[in-house]
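Heads up: the structure comes next, in C-alpha cells.
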C-alpha cells in the first residue's frame, strides 16, 4: 500500500527526530547526514513530531537545547567549557522555552557574542557574562537555575 503525503512527512519527521536523539547532532549536522534541508527538519520537529509523538519531541528538544549555544560560532569550545563548568557547579541549564533561546541566540549572533541585554561591549559582557559566571544571574533569560526554576 502506498504512503500518503502526510504519512511520508510524519515518517520523515520521526526519523529525523530519532536521529538527533540517537546521535546528539545539531539540526545542521542532522540535515547534512540525512540529506534534508535544515528548515525542513526544524519544521518537522516543531510541527509534526510535537503533534505525533510528544515524548520524542521532548527528547529531541533536550538535545537541541543542549546544543543551542555550544555550536554558536563565536562561543565554540570556550562557551562549551564555561557552560559545563556552570552546569556542574551551579546546576545551570538553558531556558526550556526554545523560542526564547532562539531569540537570544539571534541577538548574540548580531552582537558578535556579547550579551544582547547590555549596551556595553567588553570582556565582561561576552556571553556568558560576568554576572552569569560569578552570581548566576542571567538577565537575558538564556540560562536558568535548575533548583529554583527561575531566570
Could you say which residue among 88, 25 is part of a helix (DSSP H, G or I) and either modelled with pLDDT under 95 or not assigned by TED's automatic domain parsing to the domain that holds residue 143 (or both)?
88
Just for region 93-112: of the residues that are modelled with pLDDT of 80 or more and outside any helix (DSSP H, G or I), which one is nearest to residue 144 (Cα to Cα)?
95
Taking residue 50, is it assigned to a helix (DSSP H, G or I), at pLDDT 70 or above and either surrounded by 16 or more Cβ atoms within 10 Å (Cβ to Cβ) or over 16 Å from the mean Cα position of the chain (by Cα) (or both)?
yes
For a quick check of your reading of the model, give me the residue pairs whose first member lies in region 37-57 and is not assigned by TED's automatic domain parsing to the domain that holds residue 102, whose second is assigned to a helix (DSSP H, G or I) and surrounded by fewer than 14 Cβ atoms within 10 Å (Cβ to Cβ), with beta-carbon atoms closer than 8 Å and at least 6 apart or on different chains.
38/28
Residue under evaluation residue 121, criteria (1) within 18 Å of the chain's Cα centre (by Cα); (2) modelled with pLDDT of 80 or more, criterion not met
(1)
What are the residues in region 130-146 that are surrounded by fewer than 21 Cβ atoms within 10 Å (Cβ to Cβ) and either out of contact with any helix residue (DSSP H, G or I) (no Cβ under 9 Å at 6 or more places or on another chain) or touching a residue at least 60 places away in the same chain (Cβ under 8 Å) (or both), if any?
134, 135, 144
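The values are calculated or read from the model by the stated rules, or taken from the named source; none is laboratory data. Note that the structure is predicted; figures quoted are calculated from it, not measured. When we count neighbours, we look across all protein chains shown, and the Cβ atoms used for this are built from the backbone with ideal geometry, even at glycine.
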